[in-house]
Amino acid sequence: MRKMKKILIVLFAGAIAACSDFLEPKSQSEYIPKEATALNEMLLGEAYPMLSGGDNAKSLLDIVSILDDDVMCTDTPGVINSSVTESNASEFILLRALFSWQPDVCVVAENYESPLKCWGNYYTYILGANAALDYVDGVSGTEDEKNIVKAQALALRGFYYFYLVNIWGESYSQNKAGLGVPLKLTSGLEKRDISRNTVEEVYERILKDLNEAERLYGELPESLRFKKDYRTSLPMVQLLKSRVYLYMEDWKNAAIYAKKVIEDWDFALTDLNNLPKDSYYNFISMDCTEAIWVFGSIAEYMTYLDVNVYIDDPMDDEEHISVKFFNASDKLLKLYTDGDLRKANYVLHERYNDSWGNQYEGNYLAVGKFAINPDHNVAARSGFAHAFRLPEAYLNLAEAAAMDKDDETALWALNELRKMRFAKEKYKSVSGLSGEVLVERIRLERRLELCFEGHRWFDLKRYGTTQVEHQWKMEGKLVQTYLLPENDPFYAFPLSRDVLEQNKSLEQNKLPNPR
């Protein structure tokens, strides 16, 4: 067995250091893995996104949670409690900079815990995956035990690089030769700073990792290719490949892998007609027949969307009512037509009590699908926040087929999903559409189905055809309107100063003009 470097496997603890030791793990421990099973356990703590209830890092999708057009400031009128406004002043400054896509958002965020720190979190998780890949061939264990470690590590690394390049890189469909992110593929010390690879190079690495993960999963016994154990799996890899190919506009392969998820596994769409009324079903759970993989913590995801403002209680001058500052946008809510059951089941409808104990229905919040508290005024604080879900496979297939001029397949996939989402007496299948009209209809359905799951911002980016408007409001009154033009430079998120200082070879993205 080759000699292994000293490395902390149980706790990597802040692996992003100065530029000379970019991504090199720091440790006072000399623990060295000796068995594949130990590496398999290490992956859970060091390479997987936070497990349910974790609070040690920001949710991977925080950074895009308030950037798209499915979120708005509350319209609730009233006088915001002055002491609350003062105590939250710095938080509101950061939120406004994010919400208005300001080019100096990284400067504003330097003194706060913010989603901009996700860059380091992603690379810390990549470090965990790289360490497993570096060590696995030198430890004891069966071929299956080693292959399952490799398959997970490669799937996770592909997953992280997909999000890194889509948050900080340029759009593949608009400029694949543009700036992507640095590719770090080992856990060893780098002798030099790492420059940014192109978007195309990052996508090529993502596919290479996912192709190898798929091959390794395929060589495992059938019982190990998918298990409800919160780890990656063969269908998770296949769905991610479908998504990657869709973003690359490789329509044939996007459709092929979407079909694999739909046809080769026992996942099933949930008929919303069969869900109990006045109760939010947890779609982000492995108990849901649609869920392929779940990840991330509700508590972390809610960090920014769960900002409260306090409105004076009209019944009591000394009391106030707490409402959420960010809500689901009116534009999104109006797109749900009569009989569409998703608005009631996907978007949390807030409830609150006044000082007399009377309950009122409040706003539609910019959250949903995961566990909800019984009083419906806040999301539960434990549980998973995100999932790879079967509906995405149907939507990927529909869009890819429509773009490839296979209208029959596109309409089939679209209607298979929609008929499970509408009240039976209201449902009407979509027919007679083709070309751009059909593509736009599918993309509308994608917005309605996948709201608040981290897809919308990336979809707007890859479409490159939509201007987004945000209105900053205080006390229910319009303060300022901001516009994000199509293909705006902000779609490639700016790098923060500490990231640039840690790695001198990094080139900053083109910054937009102040808004």
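Of the helices (runs of 4 or more DSSP H) lying entirely inside region 70-121, those carrying at least 1 residues that are open to solvent by 20 Å² or more (accessible area, probe 1.4 Å), at pLDDT 70 or above and over 24 Å from Ala492 (Cβ atoms) are 89-99.
Can you find, within region 222-254, the residue that is farthest from Phe458 (Cα to Cα) among those that are in contact with a helix residue (DSSP H, G or I) (Cβ under 7 Å, 6 or more places away or on another chain) and assigned to a loop (DSSP other than H, G, I, E, B)? Here the answer is Phe226. Contact map, region 468-494: first residue free of Cβ contacts under 8 Å to residues at least 40 places away in the same chain and assigned to a strand (DSSP E or B), second residue open to solvent by less than 50 Å² (accessible area, probe 1.4 Å) and among the hydrophobic types (A, V, I, L, M, F, W, C), Cβ cut-off under 6 Å, separation 6 or more or different chains; pairs are Val479/Trp472. A single entry from Leu495, Leu500 fulfils the requirement of being surrounded by 15 or more Cβ atoms within 10 Å (Cβ to Cβ) and farther than 23 Å from Ser173 by Cα: Leu500.
For region 181-194, the criterion of being over 16 Å from Val244 (Cβ atoms), in a helix (DSSP H, G or I) and not hydroxyl-bearing (Ser, Thr, Tyr) is satisfied by no residue at all.
Going through (1) at pLDDT 95 or above; (2) at negative phi; (3) touching a Ser or Thr at 6+ places or on another chain (Cβ under 9 Å) one by one, Lys473 falls short only on (1).
Kindly indicate whether Leu127 is in a helix (DSSP H, G or I) and modelled with pLDDT of 80 or more. So Leu127 fits the description; yes.
Looking at Leu60, Leu67, Leu44, Leu23 in this structure, which one is part of a loop (DSSP other than H, G, I, E, B), hydrophobic (A, V, I, L, M, F, W, C) and modelled with pLDDT of 90 or more? Full working, then the answer.
On the way: Leu60 fails: modelled with pLDDT of 90 or more; Leu44 fails: part of a loop (DSSP other than H, G, I, E, B); Leu23 fails: modelled with pLDDT of 90 or more.
After ruling out the rest, the residue left standing is Leu67.
Has region 260-267 got any residue that is at pLDDT below 95 and open to solvent by 30 Å² or more (accessible area, probe 1.4 Å)? No, region 260-267 contains no residue that is at pLDDT below 95 and open to solvent by 30 Å² or more (accessible area, probe 1.4 Å).
Scan region 271-281 for residues that are open to solvent by 50 Å² or more (accessible area, probe 1.4 Å) and closer than 19 Å to Leu450 by Cα and jot them down. Steps first, answer last, please.
In the first step, residues of region 271-281 are kept if they are open to solvent by 50 Å² or more (accessible area, probe 1.4 Å); the result is 273-274, 276-279, 281.
Scanning region 271-281 gives Asn273, Tyr281.
Phe388 passes every criterion in (1) among the hydrophobic types (A, V, I, L, M, F, W, C); (2) open to solvent by less than 10 Å² (accessible area, probe 1.4 Å); (3) over 30 Å from Trp101 (Cβ atoms) apart from (3). Being in contact (Cβ under 8 Å) with a residue 12 or more places away in the chain, outside any loop (DSSP other than H, G, I, E, B), farther than 22 Å from Ala47 by Cα and open to solvent by 10 Å² or more (accessible area, probe 1.4 Å) holds for only one residue in Glu170, Glu201, Glu145, and it is Glu201.
Of all residue pairs spaced 6 or more apart or on separate chains, those with beta-carbon atoms under 6 Å, a first member in region 423-447 that is under 19 Å from Asn396 (Cβ atoms) and outside any loop (DSSP other than H, G, I, E, B) and a second member that is of a type in the set (Asp, Glu) and modelled with pLDDT of 95 or more are Ile442/Glu399. Of all residues in region 430-456, those satisfying the criterion of being touching a Leu at 6+ places or on another chain (Cβ under 8 Å), surrounded by fewer than 16 Cβ atoms within 10 Å (Cβ to Cβ) and either modelled with pLDDT under 95 or farther than 30 Å from Met302 by Cα (or both) are Val430, Ser431.
For region 346-364, does any single residue satisfy the condition of being closer than 16 Å to Leu444 by Cα and either open to solvent by 10 Å² or more (accessible area, probe 1.4 Å) or in contact (Cβ under 8 Å) with a residue 60 or more places away in the chain (or both)? First the steps, then the outcome.
Quick first cut of region 346-364, residues closer than 16 Å to Leu444 by Cα only: 346.
This time we only want the ones that are either open to solvent by 10 Å² or more (accessible area, probe 1.4 Å) or in contact (Cβ under 8 Å) with a residue 60 or more places away in the chain (or both), so: 346.
There is at least one residue in region 346-364 that is closer than 16 Å to Leu444 by Cα and either open to solvent by 10 Å² or more (accessible area, probe 1.4 Å) or in contact (Cβ under 8 Å) with a residue 60 or more places away in the chain (or both).
The values are calculated or read from the model by the stated rules, or taken from the named source; none is laboratory data. Here the structure is a predicted model, which is why all the values come from computation and not from measurement. All Cβ positions, even for glycine, are placed from backbone atoms using ideal geometry, and neighbour counts span all protein chains on display. Ligands, DNA and RNA are excluded from the accessible area calculation, which covers all protein heavy atoms including side chains. Shrake-Rupley method; radii C 1.70, N 1.55, O 1.52, S 1.80 Å.
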